[in-house]
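This report concerns only the one structure given below.
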Amino acid sequence: MPDIIVTEFMDAAPLADLETRYTVHRDDVLWEKPDTLAGLLGEAKAVIVRNKTQVTDALLAQAPHLKVVGRLGVGLDNIDLEACEQRGITVYPATGANADAVAEYVITSALVLMRGVFNHTDIMLSGGWPRGELNDGSEVAGTTFGLIGYGNIGQAAAQRAAALDMMVMAHDPALPADDPAWGNVNQLSFVDVIANANVISLHVPLNDLTRHLISADVIANMRPGTILINTARGGVVDELAVAAALHSGHLGGAALDVFEQEPPDAANLLPFQGLRNVILTPHIAGLSAQANARVSRLTVENVLRGLEAA
């Protein structure tokens, strides 16, 4: 029976450090086989997961020796944290390891959507010349970049936005007002960020307080033409409300990397059909060759440290 179980994809190189000391079972699609996973957990000391594996109380009950859950990422909504605490299991997210990748995705999306010219290649290839329709896109310099959530990823995005001469504002009640991370960033209320930003990027966990945080009413209070970017969790936004605001023109554009149902079916995406001012991607903002390596390395280090401390 393995000491450590890896249920989803990760960079292979750091696993060598684990395999010198522990028996490791890796199966990148083990999350799809809950019965097999449960059968492997009898002697396991640690499990390494990404976001698809559901670490429930029922699953933990199959792992009486489990001491550590290593999370290849930062979102923890797929892990029953209360059940882990009750069982003395420590959960280690890979905090900060994919912040640069997500921040680059956010800024790239803002640049693409504000300029509004990059999603017309098909028209050019078909013989069109849409120069007249595309000559009034916006530069980002001098516009306002608003963050809902100002943790590691939000801070990385803010640094890049400031380098592009954007004015940065943020709302994060969890970060003390005197934290040096605020720097020159304007600390505002949620309402004020929503009402004043030209670009709004979401960086909050999904919980009872944040589910559909971005509702039709909240979108209505945004500036006409606002760009909305969600790399947090799908349930944080009301997707139908976003699609409606894009079709009406109230939202200038949206980039959605996460969805309430993942993967979404065709019916979920139907409301976005026909829109050129939307970017839809399959939960990959935090994935890059470099980020995968950093996340995997940090997770292995966390697991080793956790097992040594157990």
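Can you tell me which of (1) surrounded by fewer than 19 Cβ atoms within 10 Å (Cβ to Cβ); (2) in a helix (DSSP H, G or I) is the one Met1 doesn't meet?
Only one criterion is unmet by Met1, namely (2).
Assigned by TED's automatic domain parsing to the domain that holds Asp77 and closer than 20 Å to Gly149 by Cβ: which single residue out of Val242, Val295 fits that description? Before you say what the answer is, go through the steps one by one.
Values: Val242 fails: assigned by TED's automatic domain parsing to the domain that holds Asp77.
Testing whether each residue is assigned by TED's automatic domain parsing to the domain that holds Asp77 and closer than 20 Å to Gly149 by Cβ leaves just Val295.
State all residues of segment 237-254 that are in a helix (DSSP H, G or I) and either buried (at least 17 other Cβ atoms within 10 Å of the Cβ) or among the basic types (Lys, Arg) (or both); if no residue qualifies, say none. Don't jump to the end; show me each part of the working.
Filtering segment 237-254 down to residues in a helix (DSSP H, G or I) leaves 239-248.
Of everything in segment 237-254, those that are in a helix (DSSP H, G or I) and either buried (at least 17 other Cβ atoms within 10 Å of the Cβ) or among the basic types (Lys, Arg) (or both) turn out to be Glu239, Ala241, Val242, Ala243, Ala245, Leu246.
Within segment 32-60, restricting attention to residues that are buried (at least 18 other Cβ atoms within 10 Å of the Cβ) and farther than 22 Å from Ala310 by Cβ, which residue is modelled with the lowest pLDDT? Steps first, answer last, please.
Our first condition is that a residue be buried (at least 18 other Cβ atoms within 10 Å of the Cβ); within segment 32-60, this holds for 37, 40-41, 44-51, 53, 55, 59-60.
Next, only the ones that are farther than 22 Å from Ala310 by Cβ stay: 50-51.
Working: Arg50: 95, Asn51: 91.
Here the answer is Asn51.
Could you please give the count of residues in segment 194-216 that are within 19 Å of Ile107 (Cα to Cα), hydrophobic (A, V, I, L, M, F, W, C) and within 20 Å of the chain's Cα centre (by Cα)? Outline the logic, then answer.
Taking segment 194-216 and keeping what is within 19 Å of Ile107 (Cα to Cα), we get 194, 196-204.
Still in the running and hydrophobic (A, V, I, L, M, F, W, C): 194, 197, 199-200, 202, 204.
The next check asks that each one be within 20 Å of the chain's Cα centre (by Cα); those that pass are 194, 199-200, 202, 204.
Summing the residues that are within 19 Å of Ile107 (Cα to Cα), hydrophobic (A, V, I, L, M, F, W, C) and within 20 Å of the chain's Cα centre (by Cα) in segment 194-216 gives 5.
Going by the structure shown, is Thr36 outside any helix (DSSP H, G or I) and out of contact with any Cys (no Cβ under 8 Å at 6 or more places or on another chain)? Let's see the steps before the verdict.
Numbers: outside any helix (DSSP H, G or I): no; out of contact with any Cys (no Cβ under 8 Å at 6 or more places or on another chain): yes.
So Thr36 fails the test.
Leu209 versus (1) touching a Phe, Trp or Tyr at 6+ places or on another chain (Cβ under 9 Å); (2) in the same structural domain as Gln155 (by TED's automatic domain parsing): which is the lone unmet condition?
Unmet condition: (1).
Condition check ((1) loosely packed, with under 15 Cβ neighbours inside 10 Å; (2) within 22 Å of Arg26 (Cβ to Cβ)) across all residues:
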position	(1), (2)
Pro263	yes, no
Ala267	yes, no
Leu270	yes, no
Gln273	yes, no
Ala285	no, no
Ser288	no, yes
Arg297	no, yes
Glu308	yes, yes
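Within segment 255-270, does at least one residue satisfy the condition of being at pLDDT 95 or above, assigned to a helix (DSSP H, G or I) and in the same structural domain as Ala103 (by TED's automatic domain parsing)?
For segment 255-270, residues at pLDDT 95 or above, assigned to a helix (DSSP H, G or I) and in the same structural domain as Ala103 (by TED's automatic domain parsing): present.
Quick check, is Gly142 under 18 Å from Ala197 (Cβ atoms), more than 17 Å from the chain's Cα centre (by Cα) and either outside the structural domain of Arg297 (by TED's automatic domain parsing) or in a loop (DSSP other than H, G, I, E, B) (or both)? Talk me through it step by step, then tell me what you get.
On the way: under 18 Å from Ala197 (Cβ atoms): yes; more than 17 Å from the chain's Cα centre (by Cα): yes; either outside the structural domain of Arg297 (by TED's automatic domain parsing) or in a loop (DSSP other than H, G, I, E, B) (or both): yes.
Taking the combined requirement at face value, the residue satisfies it.
Could you list, in sequence order, all residues of segment 120-130 that are without any contact (Cβ under 8 Å) to a residue 24 or more places away in the chain and either within 18 Å of Asn277 (Cβ to Cβ) or of a type in the set (Gly, Ala, Ser) (or both)? Spell out how you get there, then give the answer.
The first filter runs over segment 120-130 and keeps only residues without any contact (Cβ under 8 Å) to a residue 24 or more places away in the chain, leaving 121-130.
Across segment 120-130, the qualifying residues are Thr121, Asp122, Ile123, Met124, Ser126, Gly127, Gly128, Pro130.
Identify, please: which residue in segment 158-180 is of a type in the set (A, V, I, L, M, F, W, C) and more than 22 Å from Leu209 (Cβ to Cβ) and is, among those, surrounded by the fewest Cβ atoms within 10 Å (Cβ to Cβ)? I'd like the intermediate steps shown before the answer.
Here is the first cut: in segment 158-180, the residues of a type in the set (A, V, I, L, M, F, W, C) are 158, 161-164, 166-170, 174-175, 177.
From the residues that got through so far, the ones that are more than 22 Å from Leu209 (Cβ to Cβ) too are 158, 161-164, 166-168.
Numbers: Ala158: 27, Ala161: 25, Ala162: 15, Ala163: 9, Leu164: 15, Met166: 23, Met167: 18, Val168: 23.
If we take residues in segment 158-180 being of a type in the set (A, V, I, L, M, F, W, C) and more than 22 Å from Leu209 (Cβ to Cβ), then Ala163 is surrounded by the fewest Cβ atoms within 10 Å (Cβ to Cβ).
Testing Thr210 on (1) in a loop (DSSP other than H, G, I, E, B); (2) of a type outside the set (A, V, I, L, M); (3) touching a His at 6+ places or on another chain (Cβ under 8 Å); (4) at pLDDT 95 or above, one condition comes back false. Which one is that?
Of the numbered conditions (1) in a loop (DSSP other than H, G, I, E, B); (2) of a type outside the set (A, V, I, L, M); (3) touching a His at 6+ places or on another chain (Cβ under 8 Å); (4) at pLDDT 95 or above, the odd one out for Thr210 is (3).
Are there any helices (runs of 4 or more DSSP H) wholly within segment 41-133 with 1 or more residues that are polar (S, T, N, Q), and if so which? So that I can check it myself, show each step before the final result.
Details: elements: 57-60, 81-86, 99-115, 121-125.
In segment 41-133, 81-86, 99-115, 121-125 are the helices (runs of 4 or more DSSP H) which contain 1 or more residues that are polar (S, T, N, Q).
Determine, yes or no, whether Gly116 is assigned by TED's automatic domain parsing to the domain that holds Val199 and either modelled with pLDDT under 95 or not acidic (Asp, Glu) (or both). Spell out the reasoning first.
Details: assigned by TED's automatic domain parsing to the domain that holds Val199: yes; either modelled with pLDDT under 95 or not acidic (Asp, Glu) (or both): yes.
When the stated conditions are applied, Gly116 passes them.
The values are calculated or read from the model by the stated rules, or taken from the named source; none is laboratory data. Quick caveat, the model's predicted, so the values are computed rather than measured. FYI the Cβ positions are ideal-geometry reconstructions off the backbone, even for glycines, and counts take in every protein chain you see.
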